[in-house]
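Notes follow once the structure below has been shown.
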Amino acid sequence: MHIGNIFYVKSFRSFAGEILMEAKEKILKGATELFFRLGVKSITMDDIARELGISKKTLYQHFEDKHQIILEMCSGILYMNLQVIEKIAKESKDPIHEIIQTGTHLSKIFSSINPVLIYDLKRYYPEAWQLLEDFKQKHILGILENNLRKGIKMKIYRSNLNVMLMARYRLAQFDLALNTSILPDINLIMGKIQLTILEHFLIGITTLKGHQLLNKYKNLND
């Protein structure tokens, strides 16, 4: 084959691959928006295809089944949020600012999620739910421990804090806010629940200096 033809074939394959990847990303984005609104258990591949205005054949060209879509959705969301959280940790003014910024970011995400999605994933898609559990243990736990150590060093967190215990306690607070069996009738969206719990957590671990800093970020004056 002529060198020019080889180059054309390779270029075409690369272009075709980019088109396929773009189509897959659009499908994943549309399915994610649908799951966020309605949960995952009640949604079928027919529903996804109808929502996106594509054929089921096109849908199955990119995903084997709904389970694959859910797994890729969860993996993508977790990866994206890790990038944001690590960026916040790097650019924050201090540990209190970091944890408030992170909490605000997560609150926005939780506020956009129908609680049914959390329930569905936990009960019917344990493999996807395990991705979240592994993510918390592998990434978030370490970020929390680093935050606590920095805060103690700066004397804005109490010096007698048990870092490992308090980091795990903070993780457990995430689970509390997502547990609809514990908070089934509360008249608050999940994002506000997360911020309320976070505020109490920070009040409990800060020194006087840290408490004053916290109030500064909250635009309060004691």
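The values are calculated or read from the model by the stated rules, or taken from the named source; none is laboratory data. Keep in mind that what you see is a predicted model, and the values were worked out from it rather than measured. No Cβ is skipped: glycine too gets one built from the backbone with ideal geometry, and neighbour counts run over all protein chains shown. Each accessible area value is taken on the protein alone, full model and side chains, heavy atoms only, with ligands, DNA and RNA left out. Shrake-Rupley method; radii C 1.70, N 1.55, O 1.52, S 1.80 Å.
Quick notes on this one:
Listed here are the residues, each with its yes/no results for (1) at pLDDT below 95; (2) within 16 Å of the chain's Cα centre (by Cα).
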residue	(1), (2)
145	no, no
165	no, no
171	yes, yes
176	yes, yes
186	yes, no
191	yes, yes
199	yes, no
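- For the range 69-81, the candidate set comprises residues that are crowded, with 16+ Cβ neighbours inside 10 Å and not aliphatic (A, V, I, L, M); within that set, the residue that is nearest to residue 121 (Cα to Cα) is 74.
- All of 120, 134 fail the test of being surrounded by 19 or more Cβ atoms within 10 Å (Cβ to Cβ), acidic (Asp, Glu) and at pLDDT 85 or above, apart from 120.
- Only one entry of 79, 119 meets the criterion of being within 19 Å of residue 36 (Cα to Cα), free of Cβ contacts under 8 Å to residues at least 12 places away in the same chain and part of a helix (DSSP H, G or I), and that entry is 79.
- Candidates 66, 90, 108, 153 - the one that is open to solvent by 20 Å² or more (accessible area, probe 1.4 Å) and within 14 Å of the chain's Cα centre (by Cα): 108
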